[in-house]
Amino acid sequence: MRLVFFGAPGVGKGTQAQRLAVQERIPQVSTGEILRESVKQGTPLGLQAKGYMESGKLVPDDVVIGLAREKLTSQECSRGYILDGFPRTVAQAEALDRMFQETGSPGLDHVVSLDVPNAEIILRLSGRRSCPTCQTVYHIAHDPPKREGHCDKCGGALVQRADDKPETVEARLKVFDQQTKPLVEYYQKRGLLRRVDSTGDINDVYRRLRKILGLAGA
Ligand code: AP5
């Protein structure tokens, strides 16, 4: 199964992708996570990406395309994957299609668009806390950890992401409208787009998602 999870910042792409990846035993490839880890480690990629990420802008296409290509052609992704946060521009989607042609891959099975109104997105992002060690995502009200401030899985101290400040969230939502939304038409034309109403409870969204993908246990 080769999937793209698509949607505005904070709609729940990471939350749903993490669950599906575990249940279906395929890797979740989050370009945002790879970039955040590179920033944390201070690698050349991280140094290049840091300023863009902190201001809510997209990292340049050539940088992100290179790292996505490296991941997707690795052994880890040979049985499929969930792309979380890539592609995010038409140039990235075209590069992905070229990569499929070059490698003889049959291409994507589905592009899942998670849809949530902006007012709800702002509430979700302001309450998000994540574990920098194992990347598990929580919400202080909707999906809290058992012990406040600590990850259920690894015990790590939870943090608020630097780009979840209100002014940066506003910038990220604008960038989504201007640079990423055109992908709806791109994938609709190719018959790949599946829309999932992602409002309401996390478990309900997961059930809807599995149903739309035709997976058992929906
Ligand atoms: P990235 O990390 O991809 O961020 P994003 O797309 O902005 O998405 P988020 O991770 O913020 O949200 P999400 O949809 O995963 O929501 P989540 O599940 O956490 O990218 C960060 C930056 O990296 C970009 O701004 C850019 O600079 C750069 N970048 C990354 N990819 C790039 C690319 N391809 N090209 C160029 N630059 C790139 O959920 C949010 C919160 O809501 C959580 O607290 C969660 O617990 C809660 N929640 C989830 N579902 C529900 C629900 N149903 N009800 C209530 N609460 C819920």
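The values are calculated or read from the model by the stated rules, or taken from the named source; none is laboratory data. These numbers come from a predicted model, not from an experiment. Heads up, the Cβs are rebuilt from the backbone with ideal geometry, glycines too, and the neighbour counts pull from every protein chain shown. What goes into the accessible areas is simple: the full protein's heavy atoms, side chains included, and nothing from ligands, DNA or RNA. Shrake-Rupley method; radii C 1.70, N 1.55, O 1.52, S 1.80 Å.
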For region 167-181, 3J(HN,Hα) per residue [Karplus equation, 6.51 cos²θ - 1.76 cosθ + 1.60, θ = phi - 60°, Hz, x = Gly/Pro]: 5, 6, 4, 4, 4, 5, 5, 5, 4, 4, 4, 7, 10, 9, 4
Integer Hz, Karplus 6.51/-1.76/1.60 couplings in order for region 115-120, x for Gly and Pro: 10, 9, x, 4, 4, 5
Part-to-part distance (alpha-carbon centres) for region 139-218 and region 35-60, which is given in Å: 21 Å
Kirkwood Rh and Cα Rg combined as Rg/Rh, region 1-98: 0.95
Set of lysines with alpha-carbon distance to LYS57 below 24 Å, sequence-local pairs under 8 removed: LYS13, LYS40, LYS71, LYS165, LYS174, LYS181
Under-5 Å amide H pairs with VAL29, H placed in peptide plane, nonlocal only: ILE82, LEU83, ASP84
Sites matching GluC sites (Glu not before Pro) across region 56-101 that sit in DSSP coil, with at most 16 neighbouring C-beta atoms within 10 Å: none
Percent of alpha-carbon pairs separated by more than 13 Å within region 150-218: 78 percent
Residue-normalised accessible area of the chain, given per residue in Å² at a 1.4 Å probe: 51 Å²
Relative contact order %, the chain, counting alpha carbon pairs below 8 Å whose residues are six or more apart: 27 percent
In order through region 185-198: 3J(HN,Hα) via Karplus (6.51 cos²θ - 1.76 cosθ + 1.60), integer Hz, x for Gly, Pro: 5, 4, 7, 5, 4, 8, x, 9, 7, 10, 9, 10, 5, 10
Binned Cα-Cα distances of region 96-147, short to long, each 5 Å bin given as a whole percent: 4, 15, 14, 14, 11, 12, 13, 11, 5, 1
Reachable aspartates and glutamates, given that their alpha-carbon falls under 14 Å from the alpha-carbon of LYS50 and they are not under 8 places away in the same chain: GLU33, GLU37, ASP163
10 Å beta-carbon shell around CYS131, net charge (K/R +1, D/E -1): +1
Accessible carbon and sulfur surface of the chain relative to its total accessible area, %, 1.4 Å: 51 percent
nm² value of the averaged projected area, convex hull over the Cα atoms of the chain: 11.6 nm²
Distant-in-sequence amide H partners of ARG195 (H built 1.01 Å from N, under 5 Å): SER113
D (Stokes-Einstein, µm²/s), Kirkwood Cα radius, region 104-189, 0.890 mPa s at 25 °C: 161 µm²/s
